[in-house]
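Taking it in order: structure first as structure tokens, then the write-up.
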Amino acid sequence: MAQTHDTSFDELFKAYPIPMWVYDLETLAFMAVNTAAIRHYGFSEAEFLALTIADLRPAAELPKLYANLKNAPRDTLEKSGTWRHRTKSGALIDVEISSHPLSFHGRACKFVLAHDVTDRVQAQRKIARLNRVYALLSGINSAIVRIRDRDALFKEACRLATMEGGFVTACIDMVEADGLHMHNDAHAGRVLPQHAPELDEHWIANRAVRERQVVACNDIESDAAMQPFHKHLHARGFRAAASFPLIVGARVIAVLTLVSGIPDVFDADELKVLNELAGDLSFALLFFDREEQLSYLAYYDAMTALPNRRLFQDRLTQLLHHGGTSMVAVVLINLDRFSQLNDTMGRHTGDALLVQIGERLGHGLPDGFNVARIGGDTFALTLDGLARGEEAGELLQRSVFGALDQPFQLDGQEVRISTRAGLALYPADGGDAETLFKHAEAALKNAKLSGERYLFYAPRMNAALAARMALEHALQTALEEGQFEMYYQPRVDLPSGRIVSAEALIRWNHPQLGVVGPVDFIALAEETGLIRPIGAWVIDAVCAQIERWRDGGSVLVPVAINLSAVQCVQTELLNIIASTMAAHGIGQELIEFELTETAVMNNPDEATRNLRALKALGVQLALDDFGTGYSSLAQLKRFPFDFVKIDRSFVSGVGSSADDGAIAAAIIAMAHSMGMKVVAEGVETQAQLDVMRTLQCDEIQGFLFSRPLPADQFDALVRSDKRL
Ligand code: C2E
Ligand code: MG
Ligand code: MG
């Protein structure tokens, strides 16, 4: 047996394989170190002895060290937990410290055993991280099962990545059809700073799309490729980032980008799990896509079989991308009073109408119009290859309104509808489908409000509207500045040939245009409501005129005043009439009112009430322009009219057309049978007059006898007792 010499404690200390040292509790200086410590930390014995234990600690841990020293018990073995030490090379290691106070060379010292547990700690950290990532993966997989909507799934995936996965930011960007550009679809956590678009191609998400594989950066600070973003990212605590392409079929559909506050997190194990996660998301996308392809309804409207809003927008996007530089108009078309039609004729009739509209638009227009039903009673289409914006308006009028203005057959009835449209032009009104769509919607709303047939989004395109607004303004001024004047056209009794009454017809003495007739402004006045003050002015002007004639000793004849449909529904009207007549002292026998057939047929019940109330004032009532509407005389029996005025369009034909003669004859006979007198309007020739006489028409009005005249000329005519 070989002789062995007894190992001294000193030798044991030196040779023990775990780093050990003794340090002075007061100065913290190393008093002794063993070989393992020298080897492990890289300092020589002399270097160690020149250091204090504080020199081993990263600055961040010093406060903890000092607190520990102060509070530590002085006489027991102590496990003071895991600390971080810095070796001579600067590397950080995790050490588990056991220590015991002792007296060394007469000084209060501490004996320390520093067990390097770096590997264990890192493994634990990694396991904890991986656990989070696995939790994330399982959370996302359960979301995939649960959520049937792409956007909602992406949102949830981002939320999970920050909440479960511990990432500071997660976002998913959709790759656009060009395969290059992206737009953000979902986002959670801290907002990624906006960087300059010209840097986009360097951004990891863009690189992931191009390279069709994950691009990870484990240390933003030192990664040269991330240099352009460094300033934005590092300052916000973004330390590492990775982008995962989501690939369906051959196409990169989207990119998932994860940002971490911890450098080096994207190691091989973590990337493996995250790649799996991206794969699962891609699979879900594939699934959604399939489901959508199978589901026709995702892209088509079931009722009309036209594309729906989504397909319309998709196609529009394609068109804008591939259409080059030509101008494109997005047109939205809406029906007037569709809900009313649904109410009165029933939903199934409303549906049938939509189907017929769909057919006219879908089959009646060229394919390139990209017609769609985008919901309810709104249709959309595109007009492309336009040279000027105005062309869109012309095309719309000709092709679309041309088709929709033809009557529809519904429930065996002929039904006419009115439609309005809003237009937005690419590129002037927007560069993408969504914006153009939104702007066309706004234009449509304006068209509905203003009563225009169609309006462009950009007001400068709306020449018609501008003209209308100018006219409306001018009408207002005309009213305020007394530019209106009443003319009077005599009505002649056929048996006697004498003037028996007059029709009051408004004229506008326009300062620049001269005398303007009512056909040029009454319709607009009706639409804008200006007809009310104008109508009130007419009633007053006529009553004042009769008062002047009476005061001047003229021969008085009743005067007929035209009332528009808009005025009739005004309850104020009766008060205005009664009080105006009273103010001028005009008797009921001197006033007559003319209403058109359409005015009463629009709302027969209400018209009956209004007409009865008018009649109660004691005035006479005439049904104007008879024959131009769709009603029959029999239908008009319910209304208390004293006169029927046959429209000029029938009168002008009576000499030459057998049909017109027959119609006039029938009107006259029927009116007489119902106790009404008949006036023929617009008698211009002797031949027409002769026919009317033969048919026993009661009165005539027309250029043959006299044109409408200013008040004094009319007065002169009456005074002269001119006869037919
Ligand atoms: P209306 O009530 O049917 O008036 C008769 C129209 O026929 C008048 O046109 C008159 O000038 C025209 N006329 C009369 N005889 C002849 C003829 O022999 N040949 C031809 N070619 N035309 C003839 P005007 O004055 O241009 O008025 C047009 C319409 O404007 C009127 O049709 C009436 O509906 C409306 N209107 C006129 N004044 C007023 C008014 O004060 N208030 C309202 N609400 N409407 C008015
Ligand atoms: Mg009239
Ligand atoms: Mg008339």
Considering each of ASP411, ASP377 in turn, give the residue that is out of contact with any strand residue (DSSP E or B) (no Cβ under 9 Å at 6 or more places or on another chain) and either assigned by TED's automatic domain parsing to the domain that holds ALA443 or on the phi < 0 side of the Ramachandran plot (or both).
-> ASP411
Qualifying positions in region 332-359 - over 14 Å from ASP377 (Cα atoms) and outside any helix (DSSP H, G or I) | GLY346
Exclusive hit being part of a helix (DSSP H, G or I) and surrounded by fewer than 15 Cβ atoms within 10 Å (Cβ to Cβ), set ARG132, ARG120 | ARG120
Would you confirm whether any residue within region 331-354 is in contact (Cβ under 8 Å) with a residue 40 or more places away in the chain, more than 26 Å from ASN603 (Cα to Cα) and open to solvent by 30 Å² or more (accessible area, probe 1.4 Å)?
-> no
Please enumerate the residues belonging to region 682-697 that are surrounded by 18 or more Cβ atoms within 10 Å (Cβ to Cβ) and either within 16 Å of ligand 2 (Cβ to nearest atom) or of a type in the set (Ser, Thr, Tyr) (or both).
-> GLY682, VAL683
Please specify each residue of region 655-681 satisfying the condition of being away from ligand 2 (no atom under 16 Å from the Cβ), over 55 Å from the mean Cα position of the chain (by Cα) and closer than 22 Å to SER501 by Cβ.
-> ILE668, HIS672, MET674, GLY675
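Output the residues belonging to region 636-681 that are among the small types (Gly, Ala, Ser), within 27 Å of ASN610 (Cβ to Cβ) and either within 16 Å of ligand 1 (Cβ to nearest atom) or surrounded by fewer than 23 Cβ atoms within 10 Å (Cβ to Cβ) (or both). If you could, list the steps in order and put the result at the bottom.
We begin by selecting, within region 636-681, every residue among the small types (Gly, Ala, Ser); these are 649, 652-653, 655-658, 661-662, 664-666, 669, 671, 673, 675, 680.
With the extra rule that they be within 27 Å of ASN610 (Cβ to Cβ), the set shrinks to 649, 671, 673, 675, 680.
Once the filter is applied, which keeps residues that are among the small types (Gly, Ala, Ser), within 27 Å of ASN610 (Cβ to Cβ) and either within 16 Å of ligand 1 (Cβ to nearest atom) or surrounded by fewer than 23 Cβ atoms within 10 Å (Cβ to Cβ) (or both), region 636-681 yields SER649, SER673, GLY675, ALA680.
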Kindly list, by first and then second residue, each pair from a residue in region 684-709 that is within 14 Å of ligand 3 (Cβ to nearest atom) to a residue that is in a helix (DSSP H, G or I), limited to pairs with Cβ atoms under 8 Å and residues at least 6 apart or on different chains.
-> ILE700/LEU689; ILE700/MET692; GLY702/ARG648; GLY702/VAL651; GLY702/GLN688
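When you go through GLU699, GLU684 one by one, which is the residue that is of a type in the set (Asp, Glu), closer than 23 Å to VAL559 by Cβ and in contact with a Phe, Trp or Tyr (Cβ under 6 Å, 6 or more places away or on another chain)? If you could, list the steps in order and put the result at the bottom.
Working: GLU699 fails: in contact with a Phe, Trp or Tyr (Cβ under 6 Å, 6 or more places away or on another chain).
Every option except GLU684 fails the conditions.
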Within region 152-169, track down each residue that is in contact (Cβ under 8 Å) with a residue 24 or more places away in the chain and among the small types (Gly, Ala, Ser).
-> ALA157, ALA161, GLY165, GLY166
Quick one: is ARG107 more than 16 Å from TRP21 (Cα to Cα) and touching a strand residue (DSSP E or B) at 6+ places or on another chain (Cβ under 7 Å)?
-> no
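Only residues that are more than 16 Å from ligand 1 (Cβ to nearest atom) and not in a loop (DSSP other than H, G, I, E, B): list them for region 612-635, please.
So in region 612-635, the residues more than 16 Å from ligand 1 (Cβ to nearest atom) come out as 612-613, 615-618, 630-635.
The answer is ARG612, ALA613, LYS615, ALA616, LEU633, ALA634, GLN635.
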By residue number, the members of region 555-579 that are surrounded by fewer than 17 Cβ atoms within 10 Å (Cβ to Cβ) and either within 16 Å of ligand 2 (Cβ to nearest atom) or not aliphatic (A, V, I, L, M) (or both) are THR571, GLU572, ASN575, SER579
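Which of the strands (runs of 3 or more DSSP E) contained wholly in region 440-521 include at least 1 residues that are closer than 27 Å to THR378 by Cβ and at pLDDT 85 or above? Spell out the reasoning first.
Working: elements: 454-456, 484-493, 499-510, 514-516.
Per the criteria, 454-456.
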Quick one: THR598 ticks every box in (1) within 16 Å of ligand 2 (Cβ to nearest atom); (2) open to solvent by less than 20 Å² (accessible area, probe 1.4 Å); (3) part of a helix (DSSP H, G or I) bar one, so which box is it?
-> (2)
Are any residues in region 641-662 more than 16 Å from ligand 3 (Cβ to nearest atom), out of contact with any helix residue (DSSP H, G or I) (no Cβ under 8 Å at 6 or more places or on another chain) and either within 22 Å of ALA560 (Cα to Cα) or not polar (S, T, N, Q) (or both), and if so, which ones?
-> ALA658, ASP659, ALA662
Of everything in region 242-285 that's in a helix (DSSP H, G or I) and of a type in the set (S, T, N, Q), which residue is least open to solvent (accessible area, probe 1.4 Å)?
-> SER282
Please go through region 97-117 and pick out each residue that is assigned to a strand (DSSP E or B), open to solvent by 20 Å² or more (accessible area, probe 1.4 Å) and free of Cβ contacts under 8 Å to residues at least 24 places away in the same chain.
-> SER98, SER103
Could you grab the pairs with beta carbons closer than 6 Å, sequence gap of 6+ or different chains, first residue in region 602-624 and surrounded by 14 or more Cβ atoms within 10 Å (Cβ to Cβ) and at pLDDT 85 or above, second one in a loop (DSSP other than H, G, I, E, B) and charged (D, E, K, R)?
-> GLN620/ASP642; LEU621/ASP642
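The values are calculated or read from the model by the stated rules, or taken from the named source; none is laboratory data. Everything quoted here is computed from the prediction, not taken from an experiment. Every residue, glycine among them, receives a Cβ derived from its backbone with ideal geometry; neighbour counts consider all protein chains shown. For the accessible areas, the whole protein counts, side chains as well, though only heavy atoms, and no ligand, DNA or RNA atoms are used. Shrake-Rupley method; radii C 1.70, N 1.55, O 1.52, S 1.80 Å.
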